[in-house]
Amino acid sequence: MLFGFEWDLSSPLAFALSILPILLIGMWVTIQAAVLGFAVALVLGLVWAVLKAARSRFIAWPASVVTEFIRDTPLLVQLFFLYYVLPEYGIVLPAFMTGALALGIQYSAYTSEVYRAGLEAVAKDQHEAARALNLSAARTFTHIVVPQAVPRIVPAMGNYLVSIMKDVPVLSVVTVLEMLNVAKIVGDRTFDYLVPLSMVGGLYLIMTLVASAGVRLLDGWLPKQGIPLK
Amino acid sequence: MSDPIIKFDKVVKRFGDLTVLDALDFEVMRGEKVSIIGPSGSGKSTVLRILMTLEGIDGGLVTVGGEPLWHEPGPDGLRPASEAHLRKMRAQLGMVFQQFNLFPHMTVLRNITEAPVKVLGLSKADAKLRAEELLERVGLADQAQKYPHQLSGGQQQRVGIARALAMRPSILLFDEPTSALDPELVGEVLNVIGQLAEEHDLTMLLVTHEMRFAREISDRVCFFDQGQIREEGTPEELFSDPNEDRTREFLKAVLD
């Protein structure tokens, strides 16, 4: 029994059906961790991108070093660091929060590059035209640069959303009961790993397909009339 | 035509080790139509880009309408201009770019109305009216709802001209406005510029390789070479009877 659901071992199909609610609870945790982590990555990545684009070297350089460091170290190391080191300094977060934060920090290094590339792809001549027309820097950013950068950014961000979902099982090592961890517990207790793990694979496939379809839908809906996309 | 509306006083511009403008002295009178010709890399476009505040200067003084462009009065004489000063000065100038530089994600109409609404504070209706008049004038009245990529290069450049005019500048800068166009589209753009040249109040500065056109519309032609004005005069003087060998060589090369 797990989460109040009993398993039925009379046949593989009955077993599968009986543990489906358990796995769905795990899947819901997976989705929450991925979405929260992705949200952190989107916001923090934009912060990094802005800092890295700063005119002052004293801002841009440290930001580059930090993101490079994040990108070049394994997610697991960062996760352990947050989970075991922060409490020593009195910062105790629930395992789920720590996990989502670690995912968000790791992926912020990637998303910052996507932002940077998207913003830089808006040609210099667009900035010059806006300046010649005396448009303010803020107006230029929000109405000239961003609308042209977003369609370039969305597909790449979509890939990272799928990617972050697939990294959620790493959180199981700090006791987060995401889908894989739940399936493993079911296997441990029933000595049948084949069915729960196969179901995790299937459910993952559904999740990533839905996420990809969502991104494609968003991408198709975005106005990109005439924007030169490479 | 008494006071110079544009004045370059010993202006120096460098890009790294390269001196693009070498103590340039240059004046344009109010309402004057001046063409700038010369080999590439001679600093022609840089003159326009400095005026449009797209490039700063490394020495000397530029004044527009009698006021320093890249400087403003401070407690101890002139100091480098603030963005607020540049914004104020920029309002007198408009620019037409070689590559048009239209906003690809906006319709033709939005391209023209964006700045009048957001910068000049015109109502959307007034800006639309102004844009429609200008589109009529450049012969694109029926293209307002199209996007730039749906237009030919010549049409795009005419939108570029309308967009610059919508801000009602007293000085209009043309940076090789036909150089990026297919030969058969050059004429339609030159026609529009030619019509503008008949406006008495508008000061025009045109960097171009279209010698015949420069000759037709200009009050004065300046030949730039190595960051200096090598020779200047009426189109007649400069094209028919240049004094300098360097001018003669250049004209011979481009006219043949």
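The values are calculated or read from the model by the stated rules, or taken from the named source; none is laboratory data. All of these numbers come straight from a predicted model, not from anything done at the bench. For neighbour counting, all protein chains shown are included, and Cβ atoms are generated from backbone atoms with ideal geometry for every residue, glycine included. Side chains included, ligands, DNA and RNA excluded: accessible areas come from the protein's heavy atoms. Shrake-Rupley method; radii C 1.70, N 1.55, O 1.52, S 1.80 Å.
Residue under question is A:PHE38, and the condition is that it be under 16 Å from the mean Cα position of the chain (by Cα) and either modelled with pLDDT under 90 or aromatic (Phe, Trp, Tyr) (or both); does it hold? Yes: the conditions hold for A:PHE38.
In the range A:30-58, the residue that is surrounded by the most Cβ atoms within 10 Å (Cβ to Cβ) out of those that are outside any helix (DSSP H, G or I) and hydrophobic (A, V, I, L, M, F, W, C) is A:ALA53.
Number of residues in the range A:109-136 that are within 24 Å of B:LEU173 (Cα to Cα) and among the aliphatic types (A, V, I, L, M): the value is 7.
Residue by residue through the range B:142-192, note down the ones that are open to solvent by 40 Å² or more (accessible area, probe 1.4 Å), within 12 Å of chain A (Cβ to nearest Cβ), assigned to a helix (DSSP H, G or I) and within 14 Å of B:LEU109 (Cβ to Cβ). Scanning the range B:142-192 gives a single hit, B:GLN150. List the residue pairs whose Cβ atoms are under 9 Å apart, where the first residue sits in the range B:179-202 and is under 19 Å from B:VAL34 (Cα atoms), the second is of a type in the set (Asp, Glu) and part of a helix (DSSP H, G or I), and the two are 6 or more positions apart or on different chains. Partner pairs satisfying both residue conditions: B:LEU190/B:GLU216; B:GLY194/B:GLU216; B:ALA197/B:GLU216. Quick check: anything in the range A:164-172 open to solvent by 60 Å² or more (accessible area, probe 1.4 Å) and either within 19 Å of A:ILE31 (Cβ to Cβ) or touching a Phe, Trp or Tyr at 6+ places or on another chain (Cβ under 8 Å) (or both)? Scanning the range A:164-172 turns up at least one residue that is open to solvent by 60 Å² or more (accessible area, probe 1.4 Å) and either within 19 Å of A:ILE31 (Cβ to Cβ) or touching a Phe, Trp or Tyr at 6+ places or on another chain (Cβ under 8 Å) (or both).
Residues that are open to solvent by 10 Å² or more (accessible area, probe 1.4 Å) and closer than 21 Å to B:VAL221 by Cβ within the range B:45-69 comprise B:SER45, B:THR46, B:ARG49, listed in sequence order.
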